[in-house]
Structure formats: C-alpha cells, structure tokens
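Laboratory data are not the source of any read-out in this text; all were calculated from the coordinates shown. Quantities reported herein were computed from a predicted structural model and do not represent experimental measurements. Reconstructed Cβ throughout: ideal geometry from the backbone, glycine too, with neighbour counts over all protein chains shown.
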Amino acid sequence: PFPRVGATLQRLAGPSADGPASRGTTAIYRPPEYLKPRTNFHISLSTMSTTTNAADIAVTMTSRQLLDREYLKIRSLMLETAASLDRIERGLEADAALHDARFQKLLEAIAILSNRGTNRAEEVQELFSLPVNG
C-alpha cells in the first residue's frame, strides 16, 4: 500500500494545453520518522542474541514516540499469539498439549510479559534458553 522510499509519485497537473489531465511534476516519497528503520539495532556476537541499546533509544525517542511506533506491531503479535493458543486448546487431544512443558513455558512467558519492569526480554530469553551444564 505504501510506495517504496525514493519512488516517484506522479501528480496530475489538471487541465492544460496537452489534454484534460496531463502529467505534472514528480514528488519524492519520504516516509515519516517513525517508519524509518532503526539505526541503533545490532546483533551481539558474544551472546548471539539480538539486542537494542536502551540508552540510545532513551536519547533519541520518548516513551510516547516508542509506543506510537511499536503499538500496531505489538498488538498484531499479541493477537496472533492469542489465536495460536486458542487453536491449541481447541485442537484434538488438547489435554496432552496443555500439559506439555512447551505450552507451560508459553504460559510462564505470558506471565512475565504481564509484569512491569525493564528486563522482561531477558527473563523470557532465559525461560526459553537451554540449561547450561556447568
């Protein structure tokens, strides 16, 4: 639905000597700031996990701006998760799935997400990580 960055958009100039609706000037599409890719996104090779430098975000965006940018994506992921859990519970032999350790971990992750704090991603990652034999 949205043109690609840098794509030119033709505008109708209206009636002219060339005809009733000749092509006019071109305009360059420039997306609003909240649609531009994040520049502070990186992958930490030492931990092999995707991380975001919270200090960079705090300096560049307010919490309200982050909410404006992320809300629709988060809402979509939550709806998709809810629908998946509903399908599991409605499926055949649901009791076996409901007692499966993986399903229990999903429920634990949801409980972690419902808590307030700034380290939920770390807690969920630890929940799903394989135990390290030390």
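Summary table
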item	result
Pairwise label distance in nanometres, Leu67 with Phe103, each label 7 Å out on the Cα-Cβ vector	3.5 nm
Efficiency of FRET between Thr60 and Arg120 - r from beta-carbon atoms, R0 25 angstrom, step 0.05	0.75
3J(HN,Hα) from dihedral phi, region 116-121, Karplus parametrisation 6.51/-1.76/1.60, rounded to Hz, x for glycine, proline	7, x, 10, 10, 4, 4
Segment Leu79-Ala94, length gained on full extension (0.36 nm per residue, minus Cα span)	3.4 nm
